[in-house]
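The values are calculated or read from the model by the stated rules, or taken from the named source; none is laboratory data. Predicted model, so just to flag it, every value in this text is computed and none were measured. Glycine also receives a Cβ, built like all others from the backbone with ideal geometry; neighbour counts cover every protein chain displayed. The protein model used for the area step is the full one, side chains on, heavy atoms only, and it has no ligands, DNA or RNA in it. Shrake-Rupley method; radii C 1.70, N 1.55, O 1.52, S 1.80 Å.
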Amino acid sequence: MTASDAPPVTPPGSPEASPAPSPGRVRKAVIPAAGLGTRCLPLTKALPKELLPVFDRPALEVIAGEATESGLDSLVLVTGWGKSAIENHFDRLPALEEKLSRQPDLLDAVTRQTRNLSIISVRQGAPLGLGHAVGCARRAVGDEPFAVMLPDDLVLGPVPALRSLVQVFEQTGRGAVLVMEVPKEMIPSKGIIAGKQRADGTIDITDLVEKPRAEDAPSNWAVVGRYVFPPSIFPRIGASGSGALGEIQLTDAMRLLARDEGLIGVPINGRWLDTGTPLGLMLANVEYAWSGSADARAALRELLGRLERSDRPGEH
Ligand code: UTP
């Protein structure tokens, strides 16, 4: 073999040197974070909603931790104008790391996600809808299965919520979405599935409807913001034009995927917390503080007891 016949030599440590992923392995999570966060205004006028605090860390750190604990190794952040704080948050800051060199707990807290995850950032030029945001990640994801995690939706439970979807995908090769039963009044604000529940509790999804009227809904099972898709979802995004509210909906692409390749609903194991409104964000803060710290639990007990007493006339 002459030198020109020899296969190209890849320097150790370069991206090409890593072994190719097995076809079924889910490694990347797409995180759409380019929305305007109008329901949280004025909180979100200058601050990205995805970095608002959930007890002791930004919401996106909770999501990044769930991705790592579910076996993923890369985040694809879809951001837009005014969201550069998100990229900065996941960047290295050598001066800060140097300063924290004698405070290992704090050093760990500011470097954990960048040590565990590769971060890829793509821009969505205009917030044209969730489906459009996911479509913007197409090149960064490439031809492999991937997760989508909505940073507004947090799941507090015994195991990371995304992990069960990854397992279902890796066992069946079919897309999987997290679902939960919701009361009637929540149906008009959610994506609702139609399907047949199997003996193991998972649901073979036959159709999906975005924000139906309660009386028209095919079930009371709503989609929660965790998904695992094969790359074949990408050509289906936007294939049926704009959907509800003139946006490119992810739901429309999921309907096509369910029809052509199958899609599995996996019931939630834990509590769903919606941080997309000020009230939901406050409740998520309380729940995360309560479950995460004995000091916070004691302080909350004292506060709630005092507020409860001050509500009763004559008692303080
Ligand atoms: P939401 O609809 O909950 O977020 O989308 P929003 O649009 O920012 O909030 P409101 O409704 O105005 O209060 C769920 C996720 O999808 C992202 C959002 O950033 C959020 O994380 N998203 C939504 C995009 O990245 N691009 C879009 O065009 C729409």
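Which numbered condition trips up S70, out of (1) buried (at least 17 other Cβ atoms within 10 Å of the Cβ); (2) closer than 22 Å to P48 by Cβ?
(2)
Just to be sure I understand, how many residues within region 131-162 are open to solvent by 50 Å² or more (accessible area, probe 1.4 Å) and closer than 17 Å to V223 by Cα?
0
In region 138-165, what residues are under 15 Å from G225 (Cβ atoms) and acidic (D, E)?
D152, D153
Grab the helices (runs of 4 or more DSSP H) fully contained in region 75-190, keeping just those with 3 or more residues being more than 15 Å from the ligand (Cβ to nearest atom). Walk me through how you get there before you give the answer.
On the way: elements: 84-89, 94-99, 104-116, 130-135, 138-141, 161-172.
Helices (runs of 4 or more DSSP H) meeting the threshold: 94-99, 104-116, 161-172.
Do we find a residue being of a type in the set (A, V, I, L, M, F, W, C) and in contact with a Ser or Thr (Cβ under 8 Å, 6 or more places away or on another chain) anywhere in region 214-236?
In the first step, residues of region 214-236 are kept if they are of a type in the set (A, V, I, L, M, F, W, C); the result is 214, 217, 221-224, 228-229, 233-234.
When the remaining residues are screened for being in contact with a Ser or Thr (Cβ under 8 Å, 6 or more places away or on another chain), the result is 223.
Among the residues of region 214-236, at least one is of a type in the set (A, V, I, L, M, F, W, C) and in contact with a Ser or Thr (Cβ under 8 Å, 6 or more places away or on another chain), which makes the answer yes.
Give me the residue from region 11-40 that is part of a loop (DSSP other than H, G, I, E, B) and of a type in the set (S, T, N, Q) and, out of that set, modelled with the highest pLDDT.
The initial filter retains those residues of region 11-40 that are part of a loop (DSSP other than H, G, I, E, B), namely 11-14, 18-27, 33-37.
Now drop any that are not of a type in the set (S, T, N, Q), which leaves 14, 18, 22.
Working: S14: 43, S18: 51, S22: 48.
Here the answer is S18.
Just for region 191-229: of the residues that are in a loop (DSSP other than H, G, I, E, B) and touching a Lys or Arg at 6+ places or on another chain (Cβ under 8 Å), which one is least open to solvent (accessible area, probe 1.4 Å)? Give the derivation first.
Narrowing region 191-229 to residues in a loop (DSSP other than H, G, I, E, B): 198-202, 211-213, 217-220.
Subset that is touching a Lys or Arg at 6+ places or on another chain (Cβ under 8 Å): 211, 220.
Numbers: K211: 91, N220: 59 Å².
Restricting to residues being in a loop (DSSP other than H, G, I, E, B) and touching a Lys or Arg at 6+ places or on another chain (Cβ under 8 Å), the top hit is N220.
For region 41-57: of the residues being outside any loop (DSSP other than H, G, I, E, B) and away from the ligand (no atom under 13 Å from the Cβ), which is most open to solvent (accessible area, probe 1.4 Å)?
Of all residues in region 41-57, those outside any loop (DSSP other than H, G, I, E, B) come to 49-51, 53-54, 57.
Keeping just the survivors that are away from the ligand (no atom under 13 Å from the Cβ) gives 53-54, 57.
Details: P53: 71, V54: 2, R57: 93 Å².
Among those residues, the one meeting the criterion is R57.
Where residues in region 231-251 are open to solvent by less than 40 Å² (accessible area, probe 1.4 Å) and away from the ligand (no atom under 14 Å from the Cβ), which of them is modelled with the lowest pLDDT?
It comes out as G241.
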